[in-house]
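Worksheet: one structure, shown below.
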Ligand SMILES: [Zn+2]
């Protein structure tokens, strides 16, 4: 069925068709093959763009975008009204031009919860696999919230210098990696050590309250941002509110802060280190939260500027295991190392699906319903929602997981325009980069996607494997990001995807 939105989009297109045709004679596009994927050009012009800015305002165009030295230096509208006012002085021809006619242009996606991984379960897997999947899924920035810090910092440098095909990286080392700081003095020392290494923030997971208080205080002094994954432990969202956490990851700690007895009701046999127990009873948690108390928690988070990065996608196997295990892109793009890691195995974090029952899925479906309602309420009260995928665990592939996260945020009740804002402008705010990243705006970094289709109509067009549509009675395969431009460097996604396919085929053959 053709949506009204699409009909309007086509009508707008047809209205400007004459203008576009006339203009295309003046500005003949060089064939795409002349643009070298992965090369930085001093000046690049994107023509005929319908732009989704990233700040929640509606799509608009056609416009030309000028990119110089990695920055957006001009955005020129040339619709009939602008042209009538004499405003549409279209930019001069550049060495390299991309024709975005019939496509949508939007900011590069930011993944607020990624992990740089060059192994899974001790088996090697090249960084290149993850980095190219990220770019193919339109991700131009990743907040790494726990990986091998030395390697991550090296990749951040290589990415910034344009040496490797890689999103820009922000590194938040895992606070407890190695020997956990045991007291406030050690906590402060660990934070200073991260600062000296050049980290952008810190990731808390499983910290005692006094340790967290000291570490958070030191992080504020050192200018490091804080991502907190609270498990079922001493701290909950009230501590994030008190200590100034930048973003709560996932969701634990939020319903926990609203459970009346102060602690979820677990069976006597519950063992937190048994992952099947842990994930099974996590599916019972939201129903135990008292809604009125939860609203107080939300108001506290809003007042203290604590954002929420829910990562809905990473728990999806809990509500629908078969869906998670049979995603179509696994056929050609799932690296054998990752495939092995996803198999149920008590030694691999997140691979807990032994005896997963329809009852478990039913609890989780209700868990999602309450969680999604809570997310809507949080934003309504002024809360900042981000977007991350935590891929590399639980059947989520890098990049694909983030697009699934967008779909789930739409399911939660947010308009696609809002959902895209969560993954661009809001995530830039979480990173403290809101005056540089997350928008298609003059003066902002040239992190731009050129998409085959309208993501406001169908977020699935962002999947690099594309979508099938019926046009004029014929089935056509379309969709996918055509170009992911990061820091002004254009990456041709179909080229990256064929490289990935080959990489996976070779890895499978060598097994
Ligand atoms: Zn994570």
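The values are calculated or read from the model by the stated rules, or taken from the named source; none is laboratory data. It should be emphasised that the depicted structure is a prediction, and the values quoted were computed from it without experimental measurement. Cβ placement follows ideal geometry from the backbone for every residue including glycine, while neighbour counts extend to all protein chains displayed.
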Can you say whether residue 176 is more than 14 Å from the chain's Cα centre (by Cα) and within 16 Å of the ligand (Cβ to nearest atom), as far as the supplied structure shows?
yes
When the stretch 213-232 is examined, which residues are found to be at pLDDT 95 or above, away from the ligand (no atom under 15 Å from the Cβ) and either under 21 Å from residue 282 (Cβ atoms) or in a loop (DSSP other than H, G, I, E, B) (or both)?
223, 224
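I want to confirm something. Restricting to the stretch 338-373 and keeping residues that are away from the ligand (no atom under 16 Å from the Cβ) and farther than 20 Å from residue 320 by Cβ, which single residue is nearest to the chain's Cα centre (by Cα)?
Looking at the filtered set, the residue picked out is 340.
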Residue selected from the stretch 250-266 under the condition modelled with pLDDT of 95 or more and under 22 Å from residue 321 (Cβ atoms), by the criterion surrounded by the fewest Cβ atoms within 10 Å (Cβ to Cβ)
250
Only residues that are outside any loop (DSSP other than H, G, I, E, B), away from the ligand (no atom under 12 Å from the Cβ) and crowded, with 24+ Cβ neighbours inside 10 Å: list them for the stretch 376-402, please.
385, 400, 402
Being modelled with pLDDT of 95 or more, over 30 Å from residue 506 (Cα atoms) and surrounded by 14 or more Cβ atoms within 10 Å (Cβ to Cβ) is the filter here, so list the residues in the stretch 337-368 that pass it.
360, 361, 363, 364, 366, 367, 368
Lone unmet requirement of (1) surrounded by fewer than 21 Cβ atoms within 10 Å (Cβ to Cβ); (2) over 24 Å from the mean Cα position of the chain (by Cα); (3) farther than 18 Å from residue 171 by Cα for residue 211:
(1)
Test result for residue 280, more than 21 Å from residue 149 (Cβ to Cβ), more than 15 Å from the ligand (Cβ to nearest atom), outside any strand (DSSP E or B) and under 27 Å from the mean Cα position of the chain (by Cα)
yes
Take residue 295 and decide whether it is in contact with a strand residue (DSSP E or B) (Cβ under 8 Å, 6 or more places away or on another chain) and in a helix (DSSP H, G or I).
no
Qualifying positions in the stretch 233-261 - touching a helix residue (DSSP H, G or I) at 6+ places or on another chain (Cβ under 8 Å) and within 16 Å of the ligand (Cβ to nearest atom)
245, 246, 247, 248, 250, 251, 252, 253
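Pull up the stretch 171-189, narrow it to residues that are in a loop (DSSP other than H, G, I, E, B) and in contact with a strand residue (DSSP E or B) (Cβ under 8 Å, 6 or more places away or on another chain), then point me to the one that is farthest from residue 154 (Cα to Cα).
So, considering only residues that are in a loop (DSSP other than H, G, I, E, B) and in contact with a strand residue (DSSP E or B) (Cβ under 8 Å, 6 or more places away or on another chain), the one farthest from residue 154 (Cα to Cα) is 176.
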Hits in the stretch 107-132 (condition: touching a residue at least 60 places away in the same chain (Cβ under 8 Å) and within 21 Å of residue 431 (Cβ to Cβ)):
107, 108, 109, 110, 111, 112, 113, 114, 115, 117, 130
Total residues in the stretch 300-314, condition over 9 Å from residue 384 (Cα atoms) and not in a helix (DSSP H, G or I):
3
Would it be correct to say that residue 290 is in contact with a strand residue (DSSP E or B) (Cβ under 8 Å, 6 or more places away or on another chain), surrounded by fewer than 16 Cβ atoms within 10 Å (Cβ to Cβ) and over 27 Å from residue 118 (Cβ atoms)?
yes
Inspect the stretch 417-433 for any residue being touching a residue at least 24 places away in the same chain (Cβ under 8 Å), over 17 Å from the mean Cα position of the chain (by Cα) and closer than 28 Å to residue 317 by Cβ and give the result as yes or no.
no
